[in-house]
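Written out below as structure tokens is the structure these notes cover.
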Amino acid sequence: MALNVGGLVALVVFYLITLATGIWASRRSKKEARGNPSEVAIVGGRNMNFWVGLFTATGGLFFVNPMRSKNYLTMMDPIQEAYGNTMGSLLFIPSLIADVFWFAAILASLGSTMKVILDIQGYLAIVISACIVILYTLLGGLYSVAYTDVIQLVFITASLGICIPFAMTNSATESISRTVARHVFQAPWVGKIEAQDIGRWSDDFLYLVLGAIPWQTYFQRILSASSAKQARLISYFSGMGCFMLAIPSVLIGAVAASTDWNQTAYGLPTPNERGESALILPLVLHYLCPTYVSIGGLGAIAAAVMSSGDSALLSASSMFAHNIYRKILRKKATEKDVLWVMRASVVVFGALAAALAFYSHSIYDLWFLGGELVYTLLFPQLCCALFIPHTNAYGSAAGFFFGFLLRLLAGEPSLKIPPLIHYPGCSLVDGAYVQRFPFKTVTMLVALLTIVSVSYLAAFVFKRSLLPPTWDVCQLIKEDRMFVSLPTREKQTGLQKDGSDERMEENKSDGTL
């Protein structure tokens, strides 16, 4: 197959449009950044347009109010506030791993797609895409990310909307309504869940629903809203948008399962039999659509990659600059220092993701593993920090290490770690153990219960002097004595003020003043 020059030119034009949008948005961020540049870079100065926020957030319903009402900058703020900087730095690690591997995985998918459609080396697509994403994220922070996301989301919707009718009406494709439950060219595209897999499916369902909450990519949009009400609305409508945007993917998969690939230039065996199911989108675009249509689909894929990649970069860099550098490494850092560290982090994390993208065969498994760590370790910590009062650093540390140990003992095929805990239904499939029990959710719940129980136990033994105060390394008793909540302080201040006013009035009436 020869180089697709027209497709390459169209892709370059799309990249230039995206870059120009990012640069334009960066100029607006500079105008807004006069007072607090790091806040503008991380959460857009909390002045993000509602529709822009809606397009970029496309869930966390119960998490919106406490996060936005307290004006946090990142997801790690409430965790550090509740459990201290040490635990904050530990819990930053799974979030960083997930963000970097996420960007690497989607860069690898873009490289594979361009190799199929344009017949160019995948590493060129990886390097060019990574450089453009790094550049406009570096220049404008959340403003550049948000406004380019709008362009990208519109392009994704329009391109896939055009491609799907061509693919569905190709002469080699049977009607998906006929193949939904019938074996025509391949197995039906709608299957059924076997009884033995119910636990695994339910585990993955909860992992995808709840595990998608503790990501800074989500909270940076919510926290950029001008009010808690607007943040809730963005969350509601973006959830609907995510559901609608999943429909094209389902249709493309259904078309692929309804196609006689022997009638196309791809031939037999089928993509599934060749182990190329991960490439099904570019294969459908290339072999079932006209050339000019497949180029539009390629643009949609590139837009999706850039939209996700810039969010991941901004997420990781903002948490490192704000929660690690400013709060731990250099507490007296100026706004300018934080901004430069954030920019340096964008470059470092982006380069790391691009380098990892070349190892595409294993990067997907590692990304899923990173997401599991976020679900099993970070989600219970965030829940406790926001909704369960009086949990402390002792419980947080115990929950982190116990949860990590449980996840490690369950085994991980991608890292060739055999399971030491064989949950019910664990079996050997093709030389690798498969856990059919919902062990991820169980690990998350155990970590949650550990945080709560150890926190209350630690508070009990130190407050009752069952252990000497010198053992209180987290200074639980000292913090408990010194801590006065903001509403309480305001109430006390108000009472003192009212009492002073009353005494002044009495003195006036007595002629004392």
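Could you report the range 355-422's accessible area per residue, 1.4 Å probe, as an integer in Å²?
Details: 3090 Å² over 68 residues.
Ligands and nucleic acids excluded, the figure is 46 Å² per residue.
Amide H to amide H distances under 5 Å link Tyr433 with no residue, where only residues 5 or more positions off or on other chains count and H is placed in the peptide plane.
About the centre of its Cα atoms, the range 291-434 shows a dipole size close to 700 debye [charges on the beta carbon of Lys, Arg (+1) and Asp, Glu (-1) only; nearest 20 debye].
Solvent-accessible surface of protein heavy atoms, probed at 1.4 angstrom with all chains present, puts His390, His422, His322 in the order His390, His422, His322, largest first. Ligands, DNA and RNA left out, the 1.4 Å accessible surface of the range 172-282 is 62% carbon and sulfur atoms.
Computed with a 1.4 Å probe over protein heavy atoms only, the accessible area of Ser112 comes to about 40 Å².
Heavy-atom accessible area, probed at 1.4 angstrom with all protein chains present, ranks Glu194, Glu335, Glu372 as Glu194, Glu335, Glu372, highest first.
With every protein chain in place and a 1.4 angstrom probe, the accessible-area ranking of Tyr359, Tyr423, Tyr456, largest first, reads Tyr359, Tyr456, Tyr423. Couplings for the range 280-294, taken from phi via the Karplus curve 6.51 cos²θ - 1.76 cosθ + 1.60 with θ = phi - 60°, read 4, 5, x, 5, 5, 4, 7, 9, 10, 10, x, 4, 5, 6, 5 Hz in order; Gly and Pro are left as x.
Around the amide H of Glu412, modelled in the peptide plane, lie the amide H atoms of Ile417, all under 5 Å away and 5 or more residues distant in sequence or on another chain.
Overall, the range 355-478 carries a charge dipole of about 380 debye about its Cα centre when +1 sits on the Cβ of Lys and Arg and -1 on the Cβ of Asp and Glu, all other atoms neutral. What distance in nm separates the simple spin-label points at Ala432 and Tyr359, each placed 7 Å from Cα in the Cβ direction? Each label point lies 7 Å from its Cα, and together they span 1.5 nm.
Solvent exposure of Ile421, expressed as accessible area, is near 50 Å², computed with a probe of 1.4 Å over the protein chains only. Ile93 sits with roughly 80 Å² accessible to a 1.4 Å probe, with DNA, RNA and ligands left out of the calculation.
Amide H contacts under 5 Å for Ser226: Met48, restricted to partners 5 or more places along the chain or on a different chain, H placed in the peptide plane at 1.01 Å from N.
The values are calculated or read from the model by the stated rules, or taken from the named source; none is laboratory data. As the structure is a computational prediction, the values presented were derived from the model and not from experiment. Glycine gets a Cβ as well: all are built from the backbone with ideal geometry, and neighbour counts include every protein chain shown. SASA here: full protein model, heavy atoms, side chains in, ligands and nucleic acids out. Shrake-Rupley method; radii C 1.70, N 1.55, O 1.52, S 1.80 Å.
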